[in-house]
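The structure appears right after this line, and notes come after that.
The values are calculated or read from the model by the stated rules, or taken from the named source; none is laboratory data. Model, not experiment: these values are computed from the prediction. Every residue, glycine as well, gets a Cβ built from its backbone with ideal geometry; the counts of neighbours run over all protein chains shown. The protein model used for the area step is the full one, side chains on, heavy atoms only, and it has no ligands, DNA or RNA in it. Shrake-Rupley method; radii C 1.70, N 1.55, O 1.52, S 1.80 Å.
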Amino acid sequence: MALLRLHLHLHLSLPRPPLPARPHCAPPSPLSTSPWLWRSRLPAASSSRRLLCSTHPASPLDASTAAPPSIVAGLLDYLNESWTHFHATAEAKRQLLDAGFKLLSESDDWDLQPGGRYFFTRNMSCLVAFAIGEKVGNGFNIIAAHTDSPCLKLKPRSATFKSGHQMVNVQTYGSGLWHTWFDRDLTLAGRVILKAADGSFKHKLVKLTRPLIRVPTLAIHLNRTVNSDGFKPNLETHLVPLLATKHEEATVTNSDDKSSSSAKAAHHPLLLQILSEEIGCESDEIIGMELNVCDTQPSCLGGGNNEFIYSGRLDNLASCYCALRSLIDSSKAAEQLSSEKAIRMVAMFDNEEVGSDSMQGAGAPTMFQAMRRIVDSVMHQSMGEGALERAIHSSFLVSADMAHALHPNYPDKHEECHRPELQKGLVIKHNANQRYATSAVTAFLFKEIARIHNLPVQEFVVRNDMGCGSTIGPILASGVGIRTVDCGIPQLSMHSIREMCGKEDVDTTYRHFKAFFEMFSDIDRKLNVDF
């Protein structure tokens, strides 16, 4: 495993030499096999033995010529761990604990100290982490993203039968490109609720890594006009995954077992058996579940020069990971916070894809409540009257969500002067109707960081004859009253089961976010627009 990780690290950081010619029928050698295929053939490492690719030290190169270290290997690991919003939050939690951050509970008293690093989770699908500057007295410098992605979710009663097949009822979550979910090797992941022998309850994350279910398309011989009329499946009747062919002895509709649990009545016994074997419990212990349908194909590099990242859930886990790494790496040493007057924060919310109106979404007061508690704990005495309001006035939010890259086959879908491209840097999003929260002032401040560090920046405006999506930026800007810039990594195939973005843009975004944490306070004090 160590050799594999080292191979991938070198593969990502060094130019790839041309492959030697070989006979057409010869099998590929291990060294020429793509890294993701290597990884998919190996058993998953236990949490106690994990080693992220990105933790390998960089080669000792001359500082004047060395390229900044890449985080792409770490992103691939994060994506392959984070099949659901629950797993994305759990993996972020693990990395923060490994970096020395202290886990807090929203239900407990917080004893916070300048120079301290802390985080908490909500619903295990939302996370807020922060590092307090030693000279704290200004506001908050925040990067916010979201952990959820469009997907299929099991219905509360998922068991159904169709023409001798065990099927799994699902509901659509978010605005997915649902035709991309057909003919894929799918499985299930999420969390289950277990009842212990002592009567207590707990939740446990689960990930079934083998192909388990599939949504097959109808053969063209039975749908001759599909290529001319388009593929238009009915999402209720056609988008139902197939689990197995064998019937249980007693179906869920006519079972006479009065003692069967509600979970047994709602879900196929076969599915419960598979889940219990994976978790290591009895089927009767499973009393609830919240499972997503997931693609089993791992995240990987691709393209002629391995310049692209192919993966599900890039929207918006790529932003989450860049934000997480930038906070960890900008506060790992005490001297990095010794002269900081602000609080550096990352917020990862759930349910953005369906409007953010939930306890764990950006529409909840989670971030505002955290800011208030931090101010009360470490800033109230030093700042005096209106401490929270003054801190918010000095704060700045980077709303990080993926952006639409120019599609080479559909260039007319972009406004002529605002066509973000892959590998050309982070995209700042503008919309006069406040679908994005960017203003001239916030865009300038964020671009000034890029200018100082010689980082490329692009800008996006949607065409006037097309609708514009939105982000958590306007929600937080209006709800908290915080200056906000909306930005994102350019990508293609947004909301597909399989998306793509540029490898260079990931590293550029990480460097931009890290520089934001390290120098924004100094830049911000040079500009005042209210006098």
Q | For peptides 180-193, 130-143, 462-475, 220-233, sequence by mean Cβ density within 10 Å, most packed first | A | 130-143, 180-193, 462-475, 220-233
Q. Tell me, what is the per residue accessible area of the range 477-531 in Å², probe radius 1.4 Å?
A. 38
Q: Please report Rg over Rh for the range 139-234, where both radii come from the alpha carbon positions and Rh follows the Kirkwood definition.
A: 1.10
Q | Three-way shape label, the range 286-350, alpha-carbon gyration tensor, a/c 1.5 | A | oblate
Q) Leaving out ligands, DNA and RNA, what percent of the accessible area of the range 307-433 is carbon and sulfur, probe 1.4 Å? A) 48
Q) Among the lysines, which fall within straight-line cross-link reach of residue 207, defined as a Cα-Cα distance under 23 Å, with same-chain neighbours fewer than 8 residues apart omitted? A) 93, 153, 155, 195, 264
(Q) Once you compute Rg and the Kirkwood Rh from C-alpha atoms, what is the Rg to Rh ratio for the range 431-484? (A) 1.01
Q | Label-point separation in nm, residue 415 to residue 105, each point 7 Å along Cα→Cβ | A | 4.9
Q: Sticking with the crude label model, points 7 Å out along Cα→Cβ, report the distance from residue 113 to residue 519 in nm, one decimal please.
A: 3.1
Q: Calculate how large, on average over all directions, the projected area of the Cα convex hull of the range 89-131 is; give the answer in nm² to one decimal.
A: 2.9
Q.
Using the basic label-point model (7 angstrom from Cα toward the beta carbon), what is the residue 225 to residue 203 distance in nanometres?
A. 4.6
Q) What would the Debye formula give as log10 I(q)/I(0) at q = 0.30 Å⁻¹ for the alpha-carbon point model of the range 103-164, no solvent? A) -1.33
Q) Okay, which of the range 321-340 sit inside 20 Å, backbone N to the point 7 Å along the Cα-Cβ direction of residue 526? A) 339-340
Q: Report the GluC sites (Glu not before Pro) located in the range 392-493 that are in a DSSP loop and have at most 16 other Cβ atoms inside 10 Å of their Cβ, or state none.
A: 415, 416, 421
Q) Rounded to the nearest 0.05, what FRET efficiency do residue 242 and residue 193 have when you use their Cβ-Cβ distance and R0 = 30 Å? A) 0.70
**Q.** Table column - 3J(HN,Hα) (Hz), the range 431-446, Karplus curve with 6.51, -1.76, 1.60, x for Gly and Pro
**A.** 7, 5, 8, 6, 6, 10, 8, 5, 10, 4, 5, 5, 5, 4, 4, 6
Q: Give the shape of the range 409-526 as rounded, prolate or oblate, defined through the alpha-carbon gyration tensor: a ≥ b ≥ c are the square roots of its eigenvalues, a/c under 1.5 means rounded, and otherwise the shape is prolate if a/b is larger than b/c and oblate if not.
A: oblate
Q.
Just to verify a number: FRET efficiency for residue 376 and residue 171, C-beta to C-beta distance, R0 = 51 Å, to 0.05?
A. 0.80
Q. Once the Cα gyration tensor of the range 403-471 is found, what semi-axes does its equivalent ellipsoid get, as square roots of 5 times the eigenvalues, in whole Å, sorted largest first?
A. 21, 16, 8
Q | Accessible surface, 1.4 Å probe, highest first, among residues 493, 521 | A | 493, 521
Q: Report P(r) for the range 311-414: all Cα-Cα distances, bin width 5 Å, range 0 to the bin holding the largest distance, values in whole percent.
A: 2, 9, 15, 17, 19, 14, 10, 6, 4, 3, 1, 0
Q: Show me 158-164, 408-414, 307-313 ranked by packing, highest mean number of other Cβ atoms within 10 Å first.
A: 307-313, 158-164, 408-414
Q) For the range 153-217, what is the relative contact order in percent, using Cα pairs closer than 8 Å and at least 6 residues apart in sequence? A) 27
